[in-house]
1. Expressed as a rounded percentage, what relative contact order does the chain have, with Cα pairs under 8 Å and six or more residues apart?
2. Could you tell me the relative contact order of region 62-133? Use alpha-carbon pairs under 8 Å, at least six residues apart, and round to a whole percent.
3. Cα to Cα, under 13 Å, and not fewer than 8 places away if on the same chain: which aspartates and glutamates meet these conditions relative to Lys79?
4. Which percent of the accessible area of the chain is formed by carbon and sulfur heavy atoms (probe 1.4 angstrom)?
5. Return, ordered by residue number, the residues of region 25-39 whose backbone nitrogen is under 20 Å from a label point located 7 Å along Cα→Cβ of Ser144.
6. Which FRET efficiency, nearest 0.05, do Arg58 and His238 yield, Cβ-Cβ r, R0 41 Å?
7. Let me see the P(r) profile for region 209-311: every Cα-Cα distance counted, bins of 5 Å, each bin given as a percent of all pairs.
8. With the crude spin-label approximation of a point 7 Å out along Cα→Cβ, what separation in nm comes out for Glu303 versus Asp13?
Amino acid sequence: MTLLADSPHSDFDLAVIGAGLAGTGLAASLRQAGFDGTILLLEAGRGPGGRAASRRRRDDLLWRLDHGAPCFSFSQPPKGRLAELWNPLLEKGIVQPDRGIVVGLNETGCLVDPPDHPLLQGPRFRGVPTMASVPEALLQAAGSKTHGVFGERISGLSRENGWWCFSGQHRARSLVVTGNLLAHPRSLAMLGWRDVPLRSAVPLNVDPFLDAALEQIAEMRASVRWNLMLEFPRCADHLPRQIWLTSEAQETFGIERIVLHRQQDQKLGLVVHGLDDGSPITPDSQPGLLVSQELRQRKALTELLLPWPELAQALPLARSLGVMRWGASQPLDYPLPTSLQWCGPSAVGFCGDWIAGPGFGMAEGALQSAVDLAAQLTE
Ligand SMILES: Cc1cc2nc3c(=O)[nH]c(=O)nc-3n(C[C@H](O)[C@H](O)[C@H](O)COP(=O)(O)OP(=O)(O)OC[C@H]3O[C@@H](n4cnc5c(N)ncnc54)[C@H](O)[C@@H]3O)c2cc1C
């Protein structure tokens, strides 16, 4: 990372916490709108991507597994500023229409039509070569005055003399938070934090917009997925990309869908999107939950893969690559309205797929919130 000189800190015009689609999309969209200031992107993960990241492996350099979102879903073809951000990615071949076959599976293990789910209703795209290629390209489009710091989870925030200050030496005039980890009480139990970082940085009654936003965020429920990743030996072509369970089958098996990702060497990556059973997730309970999810999901696969005999036969040989917990700020009931996306008095804003608009809870919502906020910040 390049540090800016002339200060004991490294000072930025804007800090963005999170380099998923929303964070990288915001940085790229700000540049398209003519924003020339310095941007600091702070991301807990090892690279850009968030829930649209692709898993790599040290022991197999060609391996890339889309272990979160397997595609970018839109409710309608991108329009306006969203199209301005998206279309160059299409033109460069970094995204392509997703032509992967989607099938449905019912509770008796029979193939049926895929369920009527918002993620499957409109146009779908796929990152090339992987989903992570898109946030990577957006980060690149954000230009050389954007600096990324990866592998550091921000747990403490403070606001001092008009500056947002973070652990380490960085500070920024304005802050955008993607994901709502720093604003939602769920982080307290899950991460063992003592208080909600944004609330302790800006006390109650200082910024009425932020007070209203934090109140609404606290009412949101989070949805959790436990994604089991498996490596299968070489498998035949003509396999579907996504196997969606019907709602009855989801209830029976505790699984939403199965995603297949063919590798360059024809091996197959398989990701089971496991549903949460509501057990409390804490730093102490998580290791046990990961183990029980893996056992449960592997058992369910013995039934669910029967329509694909080659996969069912290869299952005992499939190598486990572990379970990934996605603690999503995916909104279920209460998206944050765009009117509360920017809280002027404390110079803090929100971005992500949990902000109101068509496409919330999916890639479209993350990117739409990014272009909307970029417009608000530059107009
Ligand atoms: C299993 C799964 C399947 C999905 N399937 C689909 C699909 O089929 N189609 C579709 O369109 N969408 C799908 N989605 C949703 C899609 O992935 C998201 O809508 C989109 O990726 C959200 O982007 P975002 O930037 O808003 O959030 P995120 O990708 O969650 O990005 C937020 C980033 O902020 C970082 N962060 C948060 N707090 C901190 C902190 N304190 N310090 C540092 N970094 C922090 C996180 O590490 C993360 O990288 C799926 C999601 C999941 C989990």
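The values are calculated or read from the model by the stated rules, or taken from the named source; none is laboratory data. This one's a predicted model, so the numbers in the text were calculated from it and none came from an experiment. So basically every Cβ, Gly included, is an ideal-geometry build from the backbone, and we count neighbours across all protein chains shown. Heads up: the accessible areas ignore ligands, DNA and RNA and are worked out on the full protein's heavy atoms, side chains in. Shrake-Rupley method; radii C 1.70, N 1.55, O 1.52, S 1.80 Å.
1. Value for the chain: 23 percent.
2. Dividing the mean separation by the residue count of region 62-133 yields 49 percent.
3. Those aspartates and glutamates meeting the cut-off are Glu364, Asp372.
4. Heavy-atom surface of the chain belonging to carbon and sulfur, 1.4 Å probe: 52 percent.
5. Only 27-39 fall inside the zone, counting backbone N under 20 Å.
6. With R0 = 41 Å, the Cβ-Cβ based efficiency is 0.85.
7. 2, 10, 19, 19, 15, 12, 9, 6, 4, 2, 1, 0
8. Distance between label points: 5.7 nm.
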